[in-house]
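Okay, here's the structure, questions in a sec.
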Amino acid sequence: MGSLTRRQILLGGTALAAAGLIPAIPRTPLTPAMKLMQSALAADIPRPDYIVRLGANENPYGPSRVALNAIHANLHLMNRYSADPRPLAKVVAELNGVTTENMVIGTGSGEILNVAGLLASLNRGSIVCADPTYQDLLRYAETAGAEIIRVPVNESLNADLDAMRAAVRNDTDMVYLVNPNNPIPSVLDKNEMREFVIEMSKDRLVFIDEAYHEYVDNPDYGSMIGLIAEGHNNIIVSRTASKIHGLAGMRIGFGFAHPDLATRMNQIKTGDACVLAIEAALASYQDDEFPKFSIRKNKESRQIVEAMCEELGLRYIKSNTNFTFIETGMENKFVQDKMHEYGISTGRDFPPYHTTWTRVSLSKPEEMRYFVQVYKQLFA
């Protein structure tokens with residue numbers, strides 16, 4: 001196949017066919033558009049008849065069978081406003097070495113983020129964060145009156161703790177860290193992180209979002225929940241059932257903090273997790289096999305994409321999550337639009353890195369092989 005010009009790529013399949021690079025494929029009234037595949041872009045792997053979702057960092061396998069069974073068994077309780085969350089809190093607390101008094105159960109970790117953002121904005125002070133990072137807490141706090149101080153990541157695209165320390169002001173009410181980060185799937189050294197969190201939490205809140213904790217296989221990483229177990233105050237750690245447990249649509253997440261702080265958060269949170277979310281999470285967090293399966297398949301998918309990057313000489317961030325970050329050298333919107341033409345949805349823009357970088361969620365290995373095939377033949 002000949003090389004493609006930028007104009008041919010921009011014009012899509014019609015221009016490519018006109019250039020003699022893609023044979024015309026006859027359409028019939030019985031052939032859904034999503035099932036059409038230009039042979040030059042899928043010589044080996046046929047195009048799926050659905051959108052391949054590589055933009056939302058979802059678990060493509062979840063919920064687990066045990067979670068689905070729990071949902072089915074409790075459908076008759078859908079007329080109830082809520083369920084007793086204490087059994088779930090007990091299971092999750094024991095898994096993380098804390099007590100139920102350290103826990104807040106929210107409608108997704110998003111509610112935990114919003115509650116913390118509200119706490120941090122009560123004095124109309126500032127919040128220091130890495131940039132880029134996950135934005136939900138920051139958007140909520142900024143709307144409530146806080147000033148957001150964004151500290152650019154360093155040359156390795158990791159949070160710069162020294163620069164964040166220097167950015168703290170007298171009015172800084174919170175330091176916010178996502179570890180592993182998002183959209184950059186890097187982790188902070190556990191010893192440096194521990195020292196930083198203890199220092200910063202003496203005079204202000206420190207929030208650590210650990211949404212991707214279960215995916216990490218890196219000896220340099222360490223959760224900060226241990227600091228809460230030790231009795232430190234002013235520290236909040238969030239986790240979610242949305243990722244490894246595949247319950248994103250059920251909206252259930254967890255906050256961990258000193259009992260006094262957890263009590264305050266429970267007082268101002270805005271809702272309660274629904275009956276089915278609680279029962280599904282309770283079952284899923286007692287299932288050891290599904291998370292192991294998800295981690296194993298995620299690793300396989302990660303290796304497929306990393307092998308492509310090595311082959312093509314693309315810079316990428318070694319992933320500690322269920323997504324990767326690739327320096328394509330092209331505008332993310334351009335990559336996103338071209339991928340969408342072939343049934344692949346990739347990550348949104350993440351300024352300021354959207355001009356040359358693209359975030360790609362890791363889905364099933366067979367879907368990642370299709371992604372690699374399309375990427376290589378469009379852009380290699």
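Mind listing whichever residues of segment 58-80 are small (Gly, Ala, Ser) and assigned to a helix (DSSP H, G or I)?
If the condition is that a residue be small (Gly, Ala, Ser) and assigned to a helix (DSSP H, G or I), then 67, 70, 73 are the ones that fit.
Residues are listed down the side, and each one gets a yes or a no for (1) β-branched (Val, Ile, Thr); (2) more than 23 Å from residue 353 (Cβ to Cβ):
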| residue | (1), (2) |
| --- | --- |
| 144 | no, yes |
| 150 | no, no |
| 154 | no, no |
| 173 | no, yes |
| 178 | yes, no |
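Determine whether segment 337-359 contains at least one residue that is within 20 Å of residue 60 (Cα to Cα), of a type in the set (D, E, K, R), in contact with a Pro (Cβ under 9 Å, 6 or more places away or on another chain) and surrounded by 15 or more Cβ atoms within 10 Å (Cβ to Cβ).
Yes - at least one qualifying residue is present in segment 337-359.
Go through 124, 86 for me and flag whichever is in contact with a Gly (Cβ under 6 Å, 6 or more places away or on another chain) and of a type in the set (Lys, Arg).
Going through 124, 86 in turn, the sole match is 124.
Tell me, yes or no, whether segment 119-137 has at least one residue that is without any contact (Cβ under 8 Å) to a residue 24 or more places away in the chain and hydroxyl-bearing (Ser, Thr, Tyr).
no
For residue 257, state whether it is of a type outside the set (Ser, Thr, Tyr) and under 24 Å from residue 63 (Cβ atoms).
Criteria not met by residue 257.
Which members of segment 236-249 meet the condition of being more than 13 Å from the chain's Cα centre (by Cα) and either surrounded by fewer than 24 Cβ atoms within 10 Å (Cβ to Cβ) or on the phi > 0 side of the Ramachandran plot (or both)?
The answer is 249, and nothing else.
A further question on this structure: Condition first: free of Cβ contacts under 8 Å to residues at least 12 places away in the same chain and surrounded by 15 or more Cβ atoms within 10 Å (Cβ to Cβ). Now tell me which residues in segment 299-333 satisfy that.
The one that is free of Cβ contacts under 8 Å to residues at least 12 places away in the same chain and surrounded by 15 or more Cβ atoms within 10 Å (Cβ to Cβ): 316.
Give segment 140-184 a look and list any residue that's part of a helix (DSSP H, G or I) and either among the acidic types (Asp, Glu) or crowded, with 16+ Cβ neighbours inside 10 Å (or both), or say none.
Scanning segment 140-184 gives 140, 141, 142, 161, 162, 164, 167.
Now, a different point. Scan 254, 293 and give me the residue that is over 21 Å from residue 366 (Cβ atoms) and either over 21 Å from the mean Cα position of the chain (by Cα) or at pLDDT 95 or above (or both).
254
Out of (1) in contact with a strand residue (DSSP E or B) (Cβ under 7 Å, 6 or more places away or on another chain); (2) surrounded by 14 or more Cβ atoms within 10 Å (Cβ to Cβ), what's the single condition that is false for residue 62?
It fails just one condition, (1).
Within segment 201-220, work out how many residues are more than 17 Å from the chain's Cα centre (by Cα) and either in a helix (DSSP H, G or I) or among the β-branched types (Val, Ile, Thr) (or both).
Here the count works out to 1.
Report the residue count in segment 237-275 for those that are out of contact with any Phe, Trp or Tyr (no Cβ under 8 Å at 6 or more places or on another chain), part of a strand (DSSP E or B) and of a type in the set (Gly, Ala, Ser).
Within segment 237-275, residues that are out of contact with any Phe, Trp or Tyr (no Cβ under 8 Å at 6 or more places or on another chain), part of a strand (DSSP E or B) and of a type in the set (Gly, Ala, Ser) number 3.
Taking only segment 185-200 into account, find how many residues are in a loop (DSSP other than H, G, I, E, B) and touching a helix residue (DSSP H, G or I) at 6+ places or on another chain (Cβ under 8 Å).
Result for segment 185-200: 1.
The values are calculated or read from the model by the stated rules, or taken from the named source; none is laboratory data. None of the values given here were measured: they were computed from a predicted structure. Virtual Cβ from ideal backbone geometry, glycine too; neighbours counted across all protein chains shown.
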